Each structure stands twice: as structure tokens, then as C-alpha cells.
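Please read the structure below before turning to the comments.
The values are calculated or read from the model by the stated rules, or taken from the named source; none is laboratory data. Because the structure is a prediction, the values reported are computed rather than measured. Here Cβ is always computed from backbone atoms with ideal geometry, including for glycine, and neighbour counts include all displayed protein chains.
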Protein chains: 2
Amino acid sequence: MAMSSTGRSGRRRGETQTRDAIAFAARAAFADVGYDRATMRSIAAAAGVDPALIVHFFGSKEGLFREVTALPPEMGAAMAGLADGPRQEVGLRFAQAVVGMLENPATRPVILARLRSAASHPEAAALVRELVSRDLGLLTSSLTDDRPEARAVLAGTQVVGLAFVRYVVRVEPLASMDAAAVVDVLAPTFQRILVGPLTD
Amino acid sequence: MAMSSTGRSGRRRGETQTRDAIAFAARAAFADVGYDRATMRSIAAAAGVDPALIVHFFGSKEGLFREVTALPPEMGAAMAGLADGPRQEVGLRFAQAVVGMLENPATRPVILARLRSAASHPEAAALVRELVSRDLGLLTSSLTDDRPEARAVLAGTQVVGLAFVRYVVRVEPLASMDAAAVVDVLAPTFQRILVGPLTD
């Protein structure tokens, strides 16, 4: 059900609105079906624009993907900021931040888009590596000198596993669990991974 | 570089050998690039057979996928068997079993094929749900009456995260870590998830 760049209201949309509509549709498509199945044609149809406009605004599907799955630059700082506060509750703060991002309709599609696409698309895989090594590394290296890189990637495995099992594959009872309950069961795992003894 | 069903040796391969060659090539392709990108044509080429033979033996791509990503039926029993032995070491035994399956060249492709494909393919997603709920559930329900379903799926998140981050996306230092070291850092997490207090 493709529409022209003249929107539902009948008024011609401005450049910014058209660009935003494409970005919104693309993010949802990458999050729902991954990079390969999200075609330029289907994204254009969902945004109600001609596919040529995607190339006009974003250059290519690759450029579109990179732009709409970019995380806010302040996220790294927010991660590092979790080190502030009682050390015995850093696992809880981290669990709250992670579940918060995954429950937030603005950030969830970004994370799921990267994750779904990473399985088959090298560019998306690189973005997942960056997220885990750089952003989580900012937190662990401000918490401890004891193997911060290993702790960052271990925390990353638990974040990725949560996102995949709760939101992509949707295994019960985790898929329907309250966000607060998810935070409660994950906090002790993160607490040990971030600042506890890594091995017995 | 497709070959006919006459193998490299020049002798015509038997039905079983041809079927096995297709299954082997398909499992590797699904594990490497996921369901969507693993085409019948590329699988046939890798197996050195005509694509029509895949349909002859397996009916469809769907049937091929289901058959080559089937896990040995004894796996569920093996999972439940991990409950035997000292309770304070069940996390260690589980970590050894999981890392063992992921390091084993016979079982790793099966798990990665399901995981890579689950991101975009509903049938593969169903198989991941089955693996987590049924097979892990056999273990947790023989260990405890305290929320065994939640424990199974939580253990599943850590298994899925490990497989994805270490073997699919390959984030360092986890990707290059010794299998024994991976077991050591995961054992305490599994110990708490399987038989410890779920929340603080």
C-alpha cells in the first residue's frame, strides 16, 4: 500500500518529515525481520514514499541501516555513569539500565535491529561488537582493574541473551515477565560479573 | 562449482552418501549464514549434487532445515542427567556440558544454525524455544520445585548469549578464550540460576 510523498493529510510533507518517516519505518523493519528481509521496497511502502527517496536521503541500504541503528552518543557516558553510587548495587543499576533500554520504545528497535541483523550481516555484527566492547568496557574499566575487558563481554553475553530470548524468540515465562521481575533476577548475575570474583 | 552426483573419486555415490553429503553441506550453510542466505542452489553446489536431489531426499528447504538441525534425542536425557552428582557443582557440570556442545564440531553447527536462523525464521525460532523450555526444563525441574521454568529460561539466556557473542559475533576476549576458562567464568552464574536464590 505505497503512498506518494504526499502524506495522508493531502499536504506535501517537508524534507525532514519524509526523512524521519523513512528512518522510523526502516528501524521497525530491521528490528522485526532483520537486515536481509527488510527490503528497500518494503521500507519505502511502509513510509509511504518512493524507494528512490531512500537513496536520495541515505545513499544506500547500508547507509540507512547504519544511521537508523545508531545509538545516542550519550549512551557511553550513561554506561560509565552507572559506576557512581553504592558498589554493592551496581549490578542492580546495570540491570535497570539494560531492561530500561529494552523496554523503551525508542531504543528497543535499535538494539533488536542490530541483533537480528548481526546473525547474517557483517556490518551489524561489527556494531554489536562495538556496543559490547566499547560501551560496556567504559563501565567495567571504571569499576575495576581486574580483567575489565572480560567482564564487559561477559555482561554483554547476558544482555544479548536476554534481548534474544525475551524479545526476539520470546520464550516463556521470560517473555511475559514484568520488567521489574526481570531486573530482580538479573541483578545478582550482573553484580558478580561486574565487580565480584569472576571464578569460584 | 557444482558437480554431478558422481563424486570426486569417479565412482557413483550411494543414496546414503549423497544424502549425508547434502545434510553436511546444509548444516554448515545454515550455521554460517542463516536460513535465508543459505540457498538450495548453494547447498547443492557445496554438496556436489543437483538441487533436485535435495527435494528428492528432504522434500523442501524447510524439511531439510528441520532434519539437519535436529538434536540427538538423547540430549534431553543427558541434560536431566546433569542433576546427578554434588548439588554444589551442578553449575560447573552444566557449564562443561554447554561449552562442550558448542566446542564439539558435530553439535556446534546445529546450535549455531538454529540461532542464526531464529533471528529471521519462525521455524528456527520455535526450535530455539523448544531447546530452552523442554530440554533445559528437564534439568531444572529435576533440581528444584522453586520456579523451574523461570530457571530454565534464564539458563537459556546465558547459553544463547554465549553462543551468539563467542561464536556468531565473535567479541574479544571471549572469542579467543580457552574453553576451560569459559567454563570457569560461567559456572558460578549457572550455579546461582539453577539452584541458588533467584533474587537477592
Do you know which residues across segment B:110-166 are in contact with a Gly (Cβ under 8 Å, 6 or more places away or on another chain), surrounded by fewer than 24 Cβ atoms within 10 Å (Cβ to Cβ), more than 20 Å from A:ARG116 (Cβ to Cβ) and more than 9 Å from every other protein chain (Cβ to nearest Cβ)?
-> B:ARG134, B:ASP135, B:LEU138, B:PRO148
Have a look at A:PRO173, A:PRO188 and point out the one that is at the interface with chain B (Cβ under 7 Å from one of its Cβ atoms), surrounded by fewer than 17 Cβ atoms within 10 Å (Cβ to Cβ) and over 25 Å from B:VAL168 (Cα atoms).
-> A:PRO173
What are the residues in segment A:184-200 that are hydroxyl-bearing (Ser, Thr, Tyr) and outside any loop (DSSP other than H, G, I, E, B), if any?
-> A:THR189
Selection status of A:PRO109, modelled with pLDDT under 95 and not in a helix (DSSP H, G or I) = no
Grab the helices (runs of 4 or more DSSP H) fully contained in segment A:42-102, keeping just those with 1 or more residues being farther than 30 Å from A:THR144 by Cβ.
-> A:51-58, A:61-68
Tell me, yes or no, whether segment B:191-199 has at least one residue that is surrounded by fewer than 23 Cβ atoms within 10 Å (Cβ to Cβ), farther than 15 Å from B:MET79 by Cα, modelled with pLDDT under 95 and of a type in the set (Ser, Thr, Tyr).
-> yes
Do we have any residue at all in segment B:161-177 that's at pLDDT 95 or above, under 18 Å from B:GLU89 (Cβ atoms) and small (Gly, Ala, Ser)?
-> no
Residue match in segment A:64-82 (condition: away from chain B (no Cβ under 12 Å), free of Cβ contacts under 8 Å to residues at least 24 places away in the same chain and farther than 27 Å from A:ARG19 by Cβ) | yes
Could you grab me the full set of residues in segment B:172-200 that are free of Cβ contacts under 8 Å to residues at least 60 places away in the same chain and under 17 Å from A:LEU162 (Cα atoms)?
-> B:LEU198, B:THR199
In the set A:GLY100, A:GLY59, the lone residue that is at positive phi and either surrounded by fewer than 18 Cβ atoms within 10 Å (Cβ to Cβ) or within 12 Å of chain B (Cβ to nearest Cβ) (or both) is A:GLY59
Tell me, yes or no, whether segment B:23-30 has at least one residue that is within 14 Å of another protein chain (Cβ to nearest Cβ) and surrounded by 18 or more Cβ atoms within 10 Å (Cβ to Cβ).
-> yes
Yes or no: B:SER176 of a type outside the set (Lys, Arg) and either part of a loop (DSSP other than H, G, I, E, B) or on the phi > 0 side of the Ramachandran plot (or both)?
-> yes
Taking A:ARG170, is it more than 22 Å from B:ARG192 (Cα to Cα) and of a type in the set (Lys, Arg)?
-> yes
Candidate set: segment A:31-56, residues that are of a type in the set (Asp, Glu) and either under 20 Å from the mean Cα position of the chain (by Cα) or surrounded by 18 or more Cβ atoms within 10 Å (Cβ to Cβ) (or both); chosen: the one modelled with the highest pLDDT | A:ASP32
Checking B:ALA181 against (1) in a helix (DSSP H, G or I); (2) more than 9 Å from chain A (Cβ to nearest Cβ), which single condition isn't satisfied?
-> (2)
What residue, of A:ALA155, A:ALA124, is in contact with a helix residue (DSSP H, G or I) (Cβ under 9 Å, 6 or more places away or on another chain), modelled with pLDDT of 85 or more and either assigned to a helix (DSSP H, G or I) or under 22 Å from A:ARG166 (Cα atoms) (or both)?
-> A:ALA155
